[in-house]
Amino acid sequence: MAHPGSRITTRTFTDHSGHPASATFRPGGRVATVHANGMTINHGLRGGRTIVAERNGRTIVSTGRRGGYVQRPYFNRGGRAYYQRTYVVGGRSYARVYRGYDYRGVRYYGYAPGYYYHPRFYGWAYNPWVAPVYYGPAAWGWAGTPWFGFYGGFFTPYPVYASASLWLTDYLIAANLQAAYQARLDAMAAAGGGAGQAPAEESGEQGYGGPAAGNQTPLTPEVKQAIADEVQRQLADERAGAANPQAAPSSDQVPDALNPAERVFVVATNLDVTAPDSGQECNLTPGDVVMRLADTPDDNQNVTASVQSSKRGDCANGQTVAIGVQDLQEMHNQFREQLDAGLKTLADKGGTGGLPKAPDTATTNGEVPPPTPDSAAADQLQAQQQQADQTEAQAAQNYQ
């Protein structure tokens, strides 16, 4: 049941299959969640919709009109189960591998790299470079881009890079801020604000954000260093994995979301959370940073976390929120995927544009062979969007 302060109302009804269903509504009748017809639909405080359903052994997750992913069983090796995720983003499909395992009766999925570089490459990425590298917004390709101007008061790149880990830190932050900016554009389009328009200034609970560079609370050097430290930890893990690619973690491993050595997480998708003391909702968006406070989940599989850095209109800096362990796990997974993307950029572009040349950029296979994208994923995601539209229309009839 929702906390009284959250002002959420719930309605129950029977779905098209004749099964019990429910919907929750925010003030004014705006849909928050719907559980019906075998799917869960979540509407964010800022707009945007996430749909999750299990269909014929596949998990289908839609994250807006632009795409989502389809997950299915892929490979078994040594008693370990691997799953393929086919992501669809803006009409482009690509596949990743996730390792499935259980911890204290809960199923988790951990990102498994499709390939590793040789250990020497990771040593180069982990240790300081021979000479500092000056690599400004123009070299990055960010100068003049809408997202960079929009978040100019929040994110300031390092003026110089003494190591690949600092370069990768800015790469990761930028990737998430670009995702946050695109999510705002998509939410505006879905709400009838017009595709392709720049987000407008924050205004009220359902605002979409705007030219707020001067109104942002900057990402502090201390928080950036915490992200850089996490980059270093993950580089060390990948280096160890590269030394023995077939030595996958044991099935009873502590998930990264609860690992005492990993407490700082960068938000990778729009996420609504609640304050434990009041039950009030607030929103986290890609590029916000949280620190997990508790190591043991409650009965709802939530832990408390402190907001370390956030953008205008998001949960306030320093606020304590309840956040799902699975949400933290997905943040970690996306962090690892983005880190690998950044490493590939360094390997491909090293020696050009002011970047030092990386040594030994040859690769070896990961734990299992890399998959090819499912050709049907885009159609499945589109069909799920249409089913969700029908389901929400039915739910709306029950709000009177």
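Here are the numbers for this structure:
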| item | result |
| --- | --- |
| Helices (runs of 4 or more DSSP H) completely within region 97-157 that count 1 or more residues being without any contact (Cβ under 8 Å) to a residue 40 or more places away in the chain, assigned by TED's automatic domain parsing to the domain that holds Ala347 and farther than 30 Å from Pro359 by Cα | 146-150 |
| Flag for Arg30 being at pLDDT below 85 and surrounded by fewer than 20 Cβ atoms within 10 Å (Cβ to Cβ) | yes |
| Region 333-354 residues that are over 19 Å from Ala138 (Cα atoms), paired with ones that are part of a loop (DSSP other than H, G, I, E, B) and of a type in the set (S, T, N, Q) (beta carbon under 9 Å, 6 or more apart) | Gln334/Thr269; Ala347/Thr361 |
| Enumeration of residues in region 164-210 that are in contact with a Lys or Arg (Cβ under 9 Å, 6 or more places away or on another chain), modelled with pLDDT of 75 or more and among the polar types (S, T, N, Q) | Thr169, Gln182 |
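The values are calculated or read from the model by the stated rules, or taken from the named source; none is laboratory data. Note that the structure is predicted; figures quoted are calculated from it, not measured. Reconstructed Cβ throughout: ideal geometry from the backbone, glycine too, with neighbour counts over all protein chains shown.
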